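The values are calculated or read from the model by the stated rules, or taken from the named source; none is laboratory data. Predicted, not measured: the structure shown is a model, and the values here were computed from it. Quick reminder, even Gly has a Cβ in these numbers, built from the backbone with ideal geometry, and neighbours come from all protein chains shown. When the accessible area is computed, the model is the full protein with side chains, heavy atoms only, and any ligands, DNA or RNA have been set aside. Shrake-Rupley method; radii C 1.70, N 1.55, O 1.52, S 1.80 Å.
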Amino acid sequence: MAEVKKENWFKRTWKRTCKYFRELRSELKKVVWPTPQQVLKNTLIVCACVLVVGVFIWLFDFVAQVGITGLINLFR
(Lines give C-alpha, C1' and ligand atoms only; values in the text may rest on other atoms or scores of the structure.)
Protein backbone atom coordinates (compact mmCIF):
# COMPACT_ATOMS: atom_id res chain seq x y z
CA MET A 1 0.00 0.00 0.00
CA ALA A 2 1.19 3.43 -0.83
CA GLU A 3 1.60 5.71 2.11
CA VAL A 4 -0.11 9.10 1.84
CA LYS A 5 2.15 11.83 3.14
CA LYS A 6 0.47 14.36 5.38
CA GLU A 7 0.82 18.01 4.47
CA ASN A 8 3.10 20.20 6.56
CA TRP A 9 1.48 21.54 9.77
CA PHE A 10 2.21 25.15 8.76
CA LYS A 11 0.60 24.69 5.34
CA ARG A 12 -2.51 23.13 6.87
CA THR A 13 -2.79 25.89 9.44
CA TRP A 14 -2.26 28.58 6.82
CA LYS A 15 -4.96 27.09 4.57
CA ARG A 16 -7.43 26.90 7.48
CA THR A 17 -6.67 30.48 8.48
CA CYS A 18 -7.16 31.75 4.92
CA LYS A 19 -10.42 29.82 4.63
CA TYR A 20 -11.65 31.29 7.91
CA PHE A 21 -11.02 34.86 6.76
CA ARG A 22 -12.62 34.23 3.35
CA GLU A 23 -15.75 32.90 5.03
CA LEU A 24 -15.70 35.74 7.55
CA ARG A 25 -15.56 38.31 4.76
CA SER A 26 -18.46 36.69 2.91
CA GLU A 27 -20.58 36.59 6.08
CA LEU A 28 -19.84 40.23 6.92
CA LYS A 29 -21.15 41.25 3.49
CA LYS A 30 -24.55 39.83 4.53
CA VAL A 31 -24.78 41.91 7.72
CA VAL A 32 -27.31 44.73 7.80
CA TRP A 33 -25.61 47.43 9.87
CA PRO A 34 -27.77 49.76 12.01
CA THR A 35 -28.04 53.45 11.26
CA PRO A 36 -26.55 55.99 13.69
CA GLN A 37 -30.09 56.90 14.78
CA GLN A 38 -30.86 53.28 15.63
CA VAL A 39 -27.62 52.96 17.58
CA LEU A 40 -28.41 56.12 19.58
CA LYS A 41 -31.98 54.96 20.28
CA ASN A 42 -30.84 51.51 21.42
CA THR A 43 -28.08 53.02 23.58
CA LEU A 44 -30.57 55.30 25.33
CA ILE A 45 -32.92 52.37 25.94
CA VAL A 46 -30.11 50.32 27.48
CA CYS A 47 -29.03 53.25 29.70
CA ALA A 48 -32.62 53.76 30.90
CA CYS A 49 -33.02 50.05 31.68
CA VAL A 50 -29.74 49.99 33.62
CA LEU A 51 -30.87 53.04 35.62
CA VAL A 52 -34.27 51.50 36.45
CA VAL A 53 -32.75 48.19 37.52
CA GLY A 54 -30.15 50.04 39.59
CA VAL A 55 -32.87 51.99 41.42
CA PHE A 56 -34.79 48.78 42.16
CA ILE A 57 -31.67 47.11 43.54
CA TRP A 58 -30.89 50.18 45.64
CA LEU A 59 -34.46 50.24 47.05
CA PHE A 60 -34.38 46.52 47.86
CA ASP A 61 -31.00 46.90 49.56
CA PHE A 62 -32.24 49.89 51.58
CA VAL A 63 -35.43 48.11 52.71
CA ALA A 64 -33.47 44.97 53.62
CA GLN A 65 -30.96 47.03 55.60
CA VAL A 66 -33.69 48.85 57.53
CA GLY A 67 -35.51 45.57 58.19
CA ILE A 68 -32.44 43.73 59.44
CA THR A 69 -31.38 46.68 61.58
CA GLY A 70 -34.90 46.80 63.06
CA LEU A 71 -34.83 43.09 63.88
CA ILE A 72 -31.42 43.37 65.52
CA ASN A 73 -32.58 46.33 67.63
CA LEU A 74 -35.80 44.49 68.51
CA PHE A 75 -33.96 41.52 70.03
CA ARG A 76 -31.22 43.53 71.66
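Miscellaneous remarks
- For the chain, with +1 on Lys and Arg beta carbons and -1 on Asp and Glu, the positive-most of Ala48, Leu24, Pro36 along the dipole: Leu24
- Debye, to nearest 20: dipole size of the chain, +1 on Lys, Arg Cβ, -1 on Asp, Glu Cβ: 800 debye
- Solvent-accessible surface of the chain, taken per residue with a 1.4 Å probe and all protein chains present: 105 Å².
- Net length available on complete extension from Lys30 to Ile68 is 8.1 nm, with 0.36 nm assigned per residue and the Cα-Cα distance removed.
- Placing pseudo-labels 7 Å out from each Cα toward the beta carbon at Cys47 and Arg76 gives an inter-label distance of 4.3 nm.
- Spin-label pair Asp61/Val4, simplified geometry with 7 Å Cα→Cβ offset, distance in nm: 6.2 nm
- Identified option (computed semi-axes √(5λ) of the Cα gyration tensor in Å; candidates (i) 59, 27, 7; (ii) 17, 13, 12; (iii) 29, 12, 10): (i)
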